[in-house]
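Enquirer: What follows is a structure written as structure tokens; I'll ask about it next.
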Amino acid sequence: MTLPIRVASQADLDRMVDWAAREGWNPGLSDAVAFFTADPGGFLVAEDEAGMAGCISAVRYGAGFGFIGFYIVRAELRGRGIGIALWREAMERLKGRAVGLDGVVAQQANYRRSGFELAWRNVRYGAAAPRQVEGGTGEIVPASAVPAEAIAALDATVFPAPRADFLRAWLSAPGHRALAVMRAGELAAFGVIRRCREGAKIGPLTAVDAAAARALFNALIEGATGPLFLDLPQPNAEAVALAEAAGMEPVFETARMYAGNPPAVMRERIFGVASFELG
């Protein structure tokens, strides 16, 4: 089944987020605006006479990295070739780049056939009301009080390409609360908690060490209504320990996979992933 594929508009992306919610991915209430800022040409839709038949994102970061997400086909149209056509269009858009994605369990074998290899597991932890954790150190300040260059520099240790536009939009989006941890005048951590279709999610939660991450986690959850969720890389033992200390339990997982050379990032600083859709 061959359908026309075009670049999505902001309105299309709003609908893509609705579809993601129906798939159980629990997107944030303001995700679409920040996502579109990251790469306005990075979202694709296939259409039939009834409207959007399928979608995918192929967001470009910098000169050498890309990320795949939002890979969904309308339920009654699955198995007719729409998905593979979208996939090919997305990968063509990212040709020549290292490409990452967070693959759900059911699709991981298909991604491997397309040249993607497992880098690590990301696990979503959740709790109705996480508790405060011990061992945090540092001064909590609004992220808006921290120079954007400092936040970008810390983010560059955990993400393989510049994403200043996305960070600016993500930290200031409606319903997002962005905080940071300072020590001796230096940035030690930054993070965001945002309202979602169900409860709220923390992400990113990026910190130079566990003590900064714990201080920031406590500040982010203060006053938040649950359930609360945190997506973290399973190999980061300190991140897992933080979630478990807060009384959170695994509720979902993905495989972080890469095609091309896996980027070098400081995974030990990733205590919370910004988004499974955009990395």
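Computed from the coordinates by the stated procedures, all read-outs in this text should not be read as laboratory data. As the structure is a computational prediction, the values presented were derived from the model and not from experiment. Positions of Cβ are generated from backbone atoms using ideal geometry, with glycine treated the same way; all protein chains shown enter the neighbour counts.
Enquirer: Which length gain, in nm to one decimal place, applies between residue 18 and residue 253 when the Cα-Cα distance is subtracted from 0.36 nm times their residue separation? If you can, show how the numbers build up before the last one.
Expert: Numbers: separation 235, 0.36 × 235 = 84.60 nm, distance 2.03 nm.
Residue separation times 0.36 nm, minus the Cα-Cα distance, leaves 82.6 nm.
Enquirer: What does the charge count around residue 201 come to, taking other residues whose C-beta lies under 13 Å from its C-beta (Lys +1, Arg +1, Asp -1, Glu -1)?
Expert: Numbers: positive: 124, 177, 194, 195, 197; negative: 31, 198, 231, 277.
Neighbour charge sum, excluding residue 201 itself: +1.
Enquirer: Separate question: Give the order of 120, 25, 170 when sorted by the count of other beta carbons within 10 angstrom, beginning with the fewest. Write out the running numbers ahead of the final one.
Expert: On the way: 120 16, 25 23, 170 27.
With the fewest neighbours first, 120, 25, 170 line up as 120, 25, 170.
Enquirer: How large, in Å, is region 128-241 by the Kirkwood hydrodynamic radius built from its alpha-carbon pairs?
Expert: Numbers: mean 1/r = 0.0703 Å⁻¹.
Taking every pair of different Cα atoms in region 128-241, averaging 1/r and inverting gives 14.2 Å.
Enquirer: From the mean inverse distance of alpha carbon pairs (Kirkwood) and the Cα radius of gyration, derive Rg over Rh for region 25-84.
Expert: Values: Rg = 13.0 Å, Rh = 12.8 Å.
We get a ratio of 1.01 for region 25-84.
Enquirer: Taking the convex hull of the Cα atoms, report for the chain its projected area averaged over all directions, in nm².
Expert: Values: hull surface 53.8 nm².
Average projection, Cα convex hull of the chain: 13.5 nm².
Enquirer: So if each residue of separation counts as 0.36 nm, and I subtract the Cα-Cα distance between residue 168 and residue 241, what length gain in nm does that give? Present the calculation step by step, with values, prior to reporting the outcome.
Expert: Numbers: separation 73, 0.36 × 73 = 26.28 nm, distance 2.95 nm.
Using 0.36 nm per residue and subtracting the Cα-Cα distance, I get 23.3 nm.
Enquirer: Net charge near residue 85: determine it from the other residues with C-beta under 14 Å of the C-beta of residue 85, scoring Lys and Arg +1 and Asp and Glu -1.
Expert: On the way: positive: 6, 74, 78, 80, 88, 93; negative: 47, 48, 89, 92.
Net local charge, residue 85 excluded: +2.
Enquirer: Counting other beta carbons within 10 Å of each residue's own, what order do 230, 154 fall into, fewest first? Kindly include the intermediate steps, with their values, before the conclusion.
Expert: Numbers: 230 27, 154 23.
With the sparsest Cβ surroundings first, the list reads 154, 230.
Enquirer: Go ahead and run the numbers for FRET between residue 149 and residue 1, Cβ-Cβ distance against an R0 of 51 Å, rounding to 0.05. Walk me through the intermediate numbers first.
Expert: On the way: r = 48 Å, r/R0 = 0.95.
Plugging the Cβ-Cβ distance into 1/(1 + (r/R0)^6) gives 0.60.
Enquirer: Could you tell me how many degrees, from 0 to 90 and to the nearest 10, lie between the Cα long axis of helix 10-22 and the main elongation axis, the longest principal axis, of the Cα atoms of the chain?
Expert: Computed tilt is about 80 degrees.
Enquirer: With labels modelled as points extended 7 Å from the Cα through the Cβ direction, what inter-label distance (nm, one decimal) is found for residue 183 paired with residue 131?
Expert: Once both label points are built, they end up 2.5 nm from each other.
Enquirer: For region 1-132, treating each Cα as an identical point scatterer without solvent, what Debye log10 I(q)/I(0) comes out at q = 0.10, 0.17 1/Å?
Expert: With one equal scatterer per Cα and no solvent, log10 I(q)/I(0) is -0.34, -0.97.
Enquirer: Would you mind giving the three semi-axes, in whole Å and largest first, of the ellipsoid equivalent to region 16-57 according to its Cα gyration tensor?
Expert: Numbers: eigenvalues 67, 45, 11 Å².
Its equivalent ellipsoid spans semi-axes of 18, 15, 7 Å.
Enquirer: List the GluC sites (Glu not before Pro) within region 181-245 that DSSP assigns to loop and that have no more than 12 neighbouring Cβ atoms inside 10 Å.
Expert: On the way: sites: 186, 198, 222, 238, 244; in loops: 198, 222.
Those satisfying the criteria are 222.
Enquirer: Using the Cα atoms of region 200-265, I'd like the radius of gyration and the largest Cα-Cα distance, Dmax, both in angstrom.
Expert: In Å, with Rg to one decimal and Dmax whole: 13.2, 42.
Enquirer: State, to one decimal in nm, how far the label point of residue 117 lies from the label point of residue 50, with both points 7 Å from Cα in the Cβ direction.
Expert: 4.1
Enquirer: Mind pulling up the Rg/Rh value for region 103-158? Radius of gyration and Kirkwood radius, both on Cα. Display every interim value, and only then the final one.
Expert: Numbers: Rg = 18.3 Å, Rh = 16.0 Å.
Answer for region 103-158: 1.14.
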